[in-house]
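Let me begin by presenting the structure, written as structure tokens, before commenting on it.
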Amino acid sequence: MTLKFFEQLSQDFTQLLESNYDYNVVIEVGKQPNIQLFKAHSVILYQLSLYFRHKFKNATKKNNMIEIKLSHICIINFLGV
């Protein structure tokens, strides 16, 4: 029973991340002309990543949307390609 619950919870989180539903973070990665935007959920990033926990302290917020710019990261490196 417990294993089935965690399997379903994992599937639910996967669907949430794939759907962009109710996201509140936009991460801009790269420099012009190779910028890519990623939509995310702050609660998940905050819980799973010390890096983003620190980033949220100084992040720009517009219309309740957190904007993080990572221009120092190459989009190819970010995607692991």
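What follows is calculated from the coordinates using simple rules that are stated; it is not laboratory data. Just so it is clear, the structure is predicted and the values come from calculations on it, not from any experiment. Cβ atoms come from the backbone with ideal geometry, glycine included; neighbour counts cover every protein chain shown.
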Positive-end residue, the chain charge dipole about Cα centroid, Cβ charges, pick of Val43, Tyr21, Thr60:
Thr60
Whichever lysines have a C-alpha closer than 30 Å to that of Lys69, once near sequence neighbours (fewer than 8 apart) are set aside:
Lys31, Lys39, Lys55, Lys57, Lys61
Gaussian network model of the chain, Cα springs within a sub-10 Å range: biggest mean-square fluctuation belongs to which of Ile44, Ile27, Ile66?
Ile44
Volume in Å³ per residue [convex hull over Cα atoms, computed for the stretch 1-69]
111 Å³
Round to the nearest 0.05 the FRET efficiency obtained for Thr60 and Gln32 when R0 = 22 Å and r is the Cβ-Cβ distance.
0.75
Using the alpha-carbon atoms, what tilt in degrees (0 to 90, nearest 10) does helix 2-19 show relative to the longest principal axis of the chain?
30 degrees
Residue-normalised 222 nm signal for the chain, counting each DSSP H run of n ≥ 4 as -39,500 (n - 2.57), nearest 500 deg cm²/dmol, is -13500 deg cm²/dmol
